[in-house]
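Below you'll find the structure, written out as structure tokens, and then a few comments.
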Amino acid sequence: MGCASSSQGDLPTFKGHVRIVRGADLSRDGSRVVTCSDDRTARIWDAQTGRELRRLKGHDGPVNCCAFSPTGGAVLTGSDDFRGMVWDAATGERLHVLEGHTNYVEGAAWAPDGCNAATASEDKTAILWDLRRSVAEGKCAGRLSGHRGWVTSCAFSPDGARVATGSHDKNARIFDARSDELLHVLRGHERTVTCVAWRPDGTTLATGSFDGALRLWDAGTGACASTTAQHRKPITGCASPSGVFSSRGGVATHAGRTGTRATVGGSRRVPTTSRASSRRPTTWARSPRACGATRTGSHVAR
């Protein structure tokens, strides 16, 4: 089992992974942390004690992204095995295997209702999943196409009506989550778009890029409103938990050096290979509203 180490004034550090840590997410109530790694596992930790609560094993390749569902009842992961998986966060049971991508899965996001999700892949698409559907019905609810490069990240708007994607093709896109219709192409970055994040009111989208810029876009028109940050190193994550956007850039001190520790609140290693991308999934405002489905029969854990 893993453990945490810290000294007074330090951020908690969770030890246990044996290879590079690719992503992390904090449950909405702040009680748990989930991390994912090249060691083919995701792990759930007690955020206060650092105790490893669950080890999620089942992927056949490095796990690139992870995200708690809006109420923390489930975890969504994506992997180099071309699959997404949904896990019961309390028991560690695997609830769904999401198959449909033809290349590495790099990004994962939940819809605010906790019943739908999205995964982003190096196959140049994002797939929308309806977790209430049976295996026979097929859980793929839509495929977002049009990018000319790997899709590195995805995020639902706060009302769940739109999905934003970022890509290796230097562009971001906004789609209608119900019809899969392309609404806007956001052009302006000079390198890979690594992350996308919605303002809680849904009016603005932020994008971060390897070009070091954080751009703000009018989500209604697709126009670039401003460039608010210019890092000297690639931006690997962005978020707007309170309506004010922040971004992360540079090289991480923990995951980048050893690959075996995750630091809450710290930055993450920027890989030096060409397939580097943001794997930070928590980039939209979560809603407390959840659908009526339960694990019994439908296997949806909220």
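For the range 76-154, GluC sites (Glu not before Pro) meeting the loop criterion (DSSP other than H, G, I, E, B) and having at most 16 other Cβ atoms within 10 Å: Glu93, Glu137. Expressed as a rounded percentage, what relative contact order does the range 3-159 have, with Cα pairs under 8 Å and six or more residues apart? With pairs under 8 Å counted, the relative contact order is 14 percent.
Along its first, second and third principal axes, ordered by size, the range 1-121 spans 46, 31, 23 Å in Cα coordinates.
Modelled label positions at Thr102 and Asp46, each set 7 Å beyond Cα in the direction of Cβ, lie 4.7 nm from each other. From least to most packed, judged by other beta carbons within 10 angstrom and beginning with the fewest, Thr194, Thr203, Thr221, Thr41 follow the order Thr221, Thr203, Thr41, Thr194. For the range 112-156, the set of trypsin sites (Lys or Arg not before Pro) satisfying both a DSSP loop assignment and a count of at most 11 other C-beta atoms within 10 Å is given as Arg148.
Rule-based calculations on the coordinates, nothing more; no lab input. Nothing here was measured: the structure is a model prediction, and the numbers come from that model. Don't worry about glycine lacking a Cβ; one is built from the backbone with ideal geometry, like all the others, and counts go over all protein chains shown.
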